[in-house]
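None of the figures in this text is laboratory data; all of them are computed from the coordinates on show. Values in this document were obtained by computation on a predicted structure and should not be read as measured data. All Cβ positions, glycine included, derive from the backbone under ideal geometry; neighbour counts span all protein chains shown.
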Amino acid sequence: MNKSLLSARYALALYEYAFEKQADKAIFQALSSLAINWRDYPSLRMAMLDPALDNPNKEKILTVATGSSDPILSDFFRLLIRNERQQFAGRIANSYISLWNEMNHIVTATLQTASDIDDDRDNVITSILSRVIPDNTIRLEKVFYPELIGGFVIQIESLRVDASVKSELNYLKSNLLK
């Protein structure tokens, strides 16, 4: 089965069950931790593939990676392990996060800048984006790229606006070389 489809199906089933039990936000927070740990610690991914590691220990490792002992997650992890799908836990977590954000009308905007910006500018940018994408909550993720030299690059879903000095210099360079 396609890994993306598998992850989406498990995430949807978990979301529907968690929503029914009014635990969807708690599960979202726990799976957000799992997604970060899955990305940052290759040993976590390797442990899920280790045939020498027994299932209860795999479940304990996933539970520690979420920072939550929620019984819904414990049951879910047991299901994943029983179905030999534990190696997809990171993808499932990411699918759940995307689904939860969609269901709660949360859009993530990635702002790349050459230097740190203060909270006032954060608020201005978020306010402008809220007018561009109404009826959604904007979550602003800031990433620092000194190589931009100045300006910013902002991306929301498939929309990308590049107003960086680096981009302008590259544009000028390409035009001068013609």
With 28 Å as the limit, write out which pairs from 60/142; 25/60; 21/60; 142/178; 21/142 have Cα-Cα distances beyond it, or answer none. 60/142; 142/178; 21/142
Label assignment, P(r) over Cα pairs in 10 Å bins from 0, in percent derived from the structure, set [x] 8, 26, 19, 15, 16, 12, 4; [y] 10, 38, 32, 15, 5, 0; [z] 9, 29, 26, 21, 12, 3, 0: [z]
Charge dipole (debye, nearest 20) of the chain; +1 at Cβ of Lys and Arg, -1 at Cβ of Asp and Glu: 580
Given charges of +1 on the Cβ of Lys and Arg and -1 on the Cβ of Asp and Glu, with all other atoms neutral, how large is the dipole of the range 106-176 about its Cα centre, in debye to the nearest 20? 260
Residues 24, 54 arranged by fewest to most Cβ contacts within 10 Å: 54, 24
Using the Karplus curve 6.51 cos²θ - 1.76 cosθ + 1.60 with θ = phi - 60°, what ³J(HN,Hα) values do you get for each residue of the range 153-158, in whole Hz, with x for Gly and Pro? 10, 10, 10, 10, 6, 9
When the dipole is taken about the Cα centre of the range 3-102, and only Lys, Arg (+1) and Asp, Glu (-1) are charged at their Cβ, what size is it in debye, to the nearest 20? 220
Given springs between every Cα pair under 10 Å in a Gaussian network model of the chain, which of 119, 40, 75 has the largest fluctuation? 119
Taking the chain and counting helices only, DSSP H stretches of n ≥ 4 at -39,500 (n - 2.57) each over all residues, the nearest-500 ellipticity at 222 nm comes to -19500 deg cm²/dmol
Output the relative contact order of the chain, whole-number percent, from Cα pairs under 8 angstrom with separation of 6+ residues. 20
Given Cβ charges of +1 for Lys and Arg and -1 for Asp and Glu, the option among 26, 146, 76 whose Cα lies farthest towards the positive end of the dipole of the chain is 76
For the range 123-135, 3J(HN,Hα) per residue [Karplus equation, 6.51 cos²θ - 1.76 cosθ + 1.60, θ = phi - 60°, Hz, x = Gly/Pro]: 5, 5, 4, 4, 5, 5, 5, 5, 6, 6, 10, x, 6
What do you get for the angle between helix 3-20 and the principal long axis of the chain? Use alpha-carbon atoms, 0 to 90 degrees, nearest ten. 70
